[in-house]
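This report concerns only the one structure given below.
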Amino acid sequence: METTLIKITGMSCGGCTASVTKVLSETPGVAKVEVQLSPGQATVEFDPAKVTREALCAAIEDAGFGAE
């Protein structure tokens, strides 16, 4: 397992953090997700054999937020 920190832009409320948490949690290979509205980031524990950091960022972007 690996852990990565992803900076997220465009979140403005608890609903936004819930949306990002849901999208990441449903991604195959993700074991644990913690999303913080301030400072706008997600800490994700994932299996690099099943999902890449780039794929996690893409999932966040597909949900309507910015990720880097």
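What value, in deg cm²/dmol to 500, does the helix sum -39500 (n - 2.57) over DSSP H runs of n ≥ 4 give at 222 nm once divided by the residues of the chain?
-10000 deg cm²/dmol
State the label only: which of [x] 11.4; [y] 12.7; [z] 14.0 corresponds to Kirkwood radius over Cα pairs in Å computed from the shown model?
Looking at Kirkwood radius over Cα pairs in Å for this model, the match is [x].
Of all the accessible heavy-atom surface of segment 28-68, with the other protein chains kept in place and a 1.4 Å probe, what percent is carbon and sulfur?
47
Got a sec to turn the phi values of segment 5-17 into Karplus ³J(HN,Hα) couplings, 6.51 cos²θ - 1.76 cosθ + 1.60 with θ = phi - 60°, whole Hz, x for Gly and Pro?
3J(HN,Hα) across segment 5-17, in whole Hz: 10, 10, 7, 10, 10, x, 7, 10, 7, x, x, 5, 5.
Keeping every protein chain present and rolling a 1.4 Å probe, give me the accessible area per residue for the chain in Å².
56
Identify all aspartates and glutamates with a Cα-Cα distance to K32 below 14 Å; exclude those on the same chain that are fewer than 8 residues away in sequence.
Output for K32: E2, E45, D47.
Assuming R0 = 25 Å, can you tell me the calculated FRET efficiency for the pair L37 and E61, based on Cβ-Cβ distance, to the nearest 0.05?
That gives a FRET efficiency of 0.90.
T4: net charge of surrounding residues, Cβ under 9 Å, Lys/Arg +1, Asp/Glu -1, itself excluded?
Once positives and negatives cancel, what remains is -1.
If you put +1 on each Lys and Arg Cβ and -1 on each Asp and Glu Cβ, how big is the dipole of the chain around its Cα centre, in Debye rounded to 20?
The calculation lands at about 120 debye.
Could you tell me which of V23, V33, S12 has its Cα farthest along the dipole of the chain towards the positive end, charges placed at Cβ (Lys, Arg +1; Asp, Glu -1), taken about the Cα centre?
The one lying farthest along the dipole's positive direction is S12.
The values are calculated or read from the model by the stated rules, or taken from the named source; none is laboratory data. Model, not experiment: these values are computed from the prediction. Backbone-built Cβ (ideal geometry, glycine too); neighbour counts: all protein chains shown. For the accessible areas, the whole protein counts, side chains as well, though only heavy atoms, and no ligand, DNA or RNA atoms are used. Shrake-Rupley method; radii C 1.70, N 1.55, O 1.52, S 1.80 Å.
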